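Accompanying notes for the structure given below.
The values are calculated or read from the model by the stated rules, or taken from the named source; none is laboratory data. It should be emphasised that the depicted structure is a prediction, and the values quoted were computed from it without experimental measurement. Because the Cβ atoms are built from the backbone with ideal geometry, glycine has one as well, and the counts that use them run over all protein chains shown.
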Amino acid sequence: MSVRALARSQVRGLAPYKAAIQVADTVRLNANEAPWRNAGDEFRRPLNRYPEIRPARLRKLLAAHYGTDAGNLLVTRGSSEAIDLLMRVFCESGCDNVVTTTPTFSMYEHYAVVQGAELRKVASDPGQDFVVDADRVLAACDDSTKLIILCTPNNPTGTLVPGDVIREVLERRGDRSIIVVDEAYIEFADAPSVVDLVGRFDNLVVLRTLSKALAFAGARCGSVIASDSVIDMLDAVQAPYAIATPVIECVEDALDAEGLAAAAAFVAETIRERERVRAALARHDWVQTIWPSAANFLLVRVADAPGLMAHCEARQVLLRHFGGELEQCVRITIGSPAENDSLLAALADLEVSDG
Ligand SMILES: Cc1ncc(COP(=O)(O)O)c(C=O)c1O
């Protein structure tokens with residue numbers, strides 16, 4: 001079965017929006033643009049003109065960065081937009097479902113709700129370090145499961161889903177679902193991306209983002225890497241001119257050798273800091289569990305999570321508390337060495353006030 005058959009019927013044959021053509025050195029009176037450059041426009045490409053419908057050079061640079069072909073990559077406004085596009089392309093409202101693990105990134109649920117798709121959550125066990133079990137994920141699927149989303153390393157647990165578990169889900173589910181592997185934090189993990197498998201599995205979709213390791217969350221730039229059939233359908237649904245000219249230019253610049261070397265150094269420092277913060281936290285007797293993490297954060301179970309949140313907030317240090325199944329847990333993002341020192345100083349104070 002072609003992977004196209006999994007898409008909503010309205011999308012399967014949808015042609016991309018036909019925008020005004022853009023040809024260099026022509027008098028452009030075909031797009032209702034302004035003919036003059038605003039004083040605030042200091043970009044290489046003039047802002048009075050629409051950006052390219054899809055940014056060709058940026059697409060090539062990102063494809064080279066991730067080790068894929070430009071035809072297998074769509075540039076998105078962060079991977080958040082990619083999650084939304086996947087729901088809209090594949091899930092028929094009121095009929096289809098999405099299978100994911102829990103706890104995981106809450107945006108999967110958010111966009112499933114927006115699209116009217118059922119979200120099926122396969123619980124992972126904190127007592128087993130939240131490992132993802134292929135049998136249980138597959139058992140949650142039926143004929144209406146259009147997407148299976150695996151987040152690795154998983155937010156907020158930090159758990160890595162091993163490549164052989166992903167391969168097992170791909171092989172056993174066959175072409176009955178799209179398998180989405182969200183690798184937002186993969187640069188912090190001691191494990192390879194599954195991008196290499198895209199050539200072998202038409203139904204594999206890998207999500208990458210510049211928001212974490214590249215320190216570009218404010219630029220809103222993500223990538224979907226998948227078979228050309230999947231990319232073409234996502235492309236047809238994505239808004240024209242989705243990526244703004246300032247974003248195209250600053251991301252092109254960030255992907256040069258110097259920018260990538262700086263990012264690699266930052267990732268190495270974050271991993272060192274993650275283990276320093278882990279060791280420092282482990283010295284507190286109110287810290288009950290610190291789960292293994294392959295990402296730029298730690299999930300920690302403590303004696304009193306809301307109390308810890310309030311204590312840190314009063315000292316201008318913000319942590320994340322999710323409630324629900326993680327009621328006694330906080331997620332701590334690993335910051336700069338100085339920021340981590342501020343956290344540790346705030347926590348030392350907690351011990352004093354508790355004692
Ligand atoms: C697992 C995961 N995926 C995707 C995203 C979205 O990232 P962005 O839209 O900034 O690319 C996040 C953000 O925190 C995340 O944790």
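Taking Ile243 as the residue in question, decide whether it is among the aliphatic types (A, V, I, L, M) and within 16 Å of the ligand (Cβ to nearest atom). When the stated conditions are applied, Ile243 passes them.
Applying the criterion of being touching a helix residue (DSSP H, G or I) at 6+ places or on another chain (Cβ under 7 Å) and in a loop (DSSP other than H, G, I, E, B) to the residues of segment 128-143, the residue that is surrounded by the most Cβ atoms within 10 Å (Cβ to Cβ) is Val132.
Tell me, please, whether a residue that is part of a helix (DSSP H, G or I) and either more than 16 Å from the ligand (Cβ to nearest atom) or within 26 Å of Arg176 (Cα to Cα) (or both) can be found in segment 204-227.
Within segment 204-227, none of the residues are part of a helix (DSSP H, G or I) and either more than 16 Å from the ligand (Cβ to nearest atom) or within 26 Å of Arg176 (Cα to Cα) (or both).
The single condition from (1) within 16 Å of the ligand (Cβ to nearest atom); (2) without any contact (Cβ under 8 Å) to a residue 60 or more places away in the chain that Pro156 fails is (2).
For Lys146, state whether it is buried (at least 17 other Cβ atoms within 10 Å of the Cβ), modelled with pLDDT of 95 or more and of a type in the set (Lys, Arg). Break it down into steps so the answer makes sense when it comes.
Values: buried (at least 17 other Cβ atoms within 10 Å of the Cβ): yes; modelled with pLDDT of 95 or more: yes; of a type in the set (Lys, Arg): yes.
For Lys146, the condition - buried (at least 17 other Cβ atoms within 10 Å of the Cβ), modelled with pLDDT of 95 or more and of a type in the set (Lys, Arg) - is met.
The C-beta contact set for segment 78-101 (first residue at positive phi, second residue modelled with pLDDT of 95 or more and crowded, with 20+ Cβ neighbours inside 10 Å, distance under 8 angstrom, 6+ apart or interchain) comprises Gly78/Thr209; Gly78/Arg220; Gly78/Cys221; Gly78/Gly222. Going by the conditions given, is Ala236 of a type in the set (A, V, I, L, M, F, W, C) and closer than 17 Å to Gly71 by Cβ? When the stated conditions are applied, Ala236 passes them.
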